[in-house]
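S.K.: Mind having a look at this structure? Questions to follow.
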Amino acid sequence: MTTRRDFLKSSSLALGFSAISFDLLTKKKKNGHVGVQLYSVRADMTKDPLGTLKKVAEIGYKNVEHANYINRKFYGYSASEFKKILVDLGLKMPSGHTVLDKNKHWDAAKKDFNDVWKYTVEDAAICGQKHVISPWLDVSQRKNLSDLKAMMDIFNKSGELCQKSGMKYGYHNHDFEFNEKLDGLTLYDHILQNTDHQLVVHQLDIGNMYGGGGRALDVINKYPGRFESMHVKDEVESKTSGKFESTVIGKGIVGTEEVVELGRKIGGTKQFIIEQESYQGMSPMDAIKEDLVIMKMWGYK
């Protein structure tokens with residue numbers, strides 16, 4: 001016969017285990033959308049974009065970020081064609097990389113963008129992007145503070161243009177922003193301080209900065225709320241160059257999980273875009289598959 005005391009004891013244990021199980025399930029679910037930068041599988045995308053996107057979807061990715069927009073085409077497809085491909089595969093493309101070049105896209109006489117950049121923004125909107133991100137800043141546009149600030153004004157104007165289509169303009173860093181200085185401040189400080197946070201988002205590449213001396217935790221703490229998007233990476237020392245190269249997240253020296261968590265908590269980060277450019281003998285597809293497994297282990301879906 002089960003006594004009332006035994007029943008209450010077993011019921012309490014059961015409730016305790018249920019609470020723990022529930023806590024584990026809910027604790028791991030974290031806000032933010034995980035995606036992959038298609039540059040991670042660039043060779044595959046060049047050979048077979050449709051087949052590669054299908055594999056990316058089968059792995060479990062729901063979001064992708066493009067790195068190929070040429071002559072109004074994404075990987076050889078028009079904006080409407082590429083949008084249909086994504087929809088059919090259950091994919092979304094919240095952001096994409098296209099370099100904004102003052103010499104190619106800005107008409108100084110008219111103080112306006114030319115049609116090439118206007119089409120870039122238009123096609124991004126057709127594909128459902130939230131962010132139109134430029135992943136480079138030409139040397140000619142950062143030689144002195146005056147030139148840099150003039151370029152930041154163009155960044156803000158690009159933000160105004162994107163805003164008309166319900167998007168924001170964005171900038172993605174490399175390493176030079178942290179090891180180059182003007183008037184005692186790093187280029188990245190100047191870029192953050194001279195762009196309007198309502199118009200321009202900053203996609204923090206937490207791996208690229210490492211070789212330039214930048215540390216993501218310091219940057220996020222210094223500029224909270226400025227990083228709606230993040231390139232999730234990890235870095236190891238390259239055996240060939242002596243510099244740093246990317247690796248599967250969680251296996252390098254960046255402290256990726258801590259950085260991602262800080263971005264989620266105070267950085268304003270909503271888009272976590274995995275990018276791996278070096279593979280240490282793995283296939284690119286296997287590498288991004290492992291990256292996604294690790295992000296899910298950390299509670300990001």
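The values are calculated or read from the model by the stated rules, or taken from the named source; none is laboratory data. Everything numeric here is computed off the predicted structure, so don't read it as measured data. All Cβ positions, glycine included, derive from the backbone under ideal geometry; neighbour counts span all protein chains shown. For accessibility, only protein heavy atoms count, side chains too; no ligands or nucleic acids. Shrake-Rupley method; radii C 1.70, N 1.55, O 1.52, S 1.80 Å.
S.K.: Take the residues of the stretch 116-134 that are of a type in the set (Ser, Thr, Tyr) and assigned to a helix (DSSP H, G or I): which is least open to solvent (accessible area, probe 1.4 Å)?
M.R.: Restricting to residues being of a type in the set (Ser, Thr, Tyr) and assigned to a helix (DSSP H, G or I), the top hit is Thr120.
S.K.: If you don't mind, there's one more thing I want to ask. Out of Val219, Val260, report the one residue that is more than 21 Å from Ser95 (Cα to Cα), buried (at least 23 other Cβ atoms within 10 Å of the Cβ) and of a type in the set (A, V, I, L, M).
M.R.: Just one listed residue meets the conditions, Val219.
S.K.: Does the stretch 72-80 contain at least one residue that is under 30 Å from Asp147 (Cβ atoms), in contact with a Lys or Arg (Cβ under 9 Å, 6 or more places away or on another chain) and in contact (Cβ under 8 Å) with a residue 24 or more places away in the chain?
M.R.: Scanning the stretch 72-80, I find no residue that is under 30 Å from Asp147 (Cβ atoms), in contact with a Lys or Arg (Cβ under 9 Å, 6 or more places away or on another chain) and in contact (Cβ under 8 Å) with a residue 24 or more places away in the chain, so the answer is no.
S.K.: Starting from the stretch 85-100, take each residue that is touching a residue at least 12 places away in the same chain (Cβ under 8 Å) and list its partners that are part of a helix (DSSP H, G or I) and polar (S, T, N, Q), counting only C-beta distances under 7 angstrom and pairs at least six apart or across chains.
M.R.: Note: pairs meeting the criteria are Thr98/Thr120; Leu100/Ser158.
S.K.: Another question about this same structure. Keeping to the stretch 227-283, report how many residues are of a type in the set (Gly, Ala, Ser) and either in contact with a strand residue (DSSP E or B) (Cβ under 8 Å, 6 or more places away or on another chain) or not in a loop (DSSP other than H, G, I, E, B) (or both).
M.R.: The number of residues fulfilling the criteria is 7.
S.K.: Looking at the stretch 84-115 only, could you name the residues that are part of a helix (DSSP H, G or I), of a type in the set (Val, Ile, Thr) and surrounded by 14 or more Cβ atoms within 10 Å (Cβ to Cβ)?
M.R.: Correct list: Ile85 only.
S.K.: Here are Val116, Val139, Val121: which of them is touching a Cys at 6+ places or on another chain (Cβ under 8 Å), at negative phi and among the aliphatic types (A, V, I, L, M)?
M.R.: Val121
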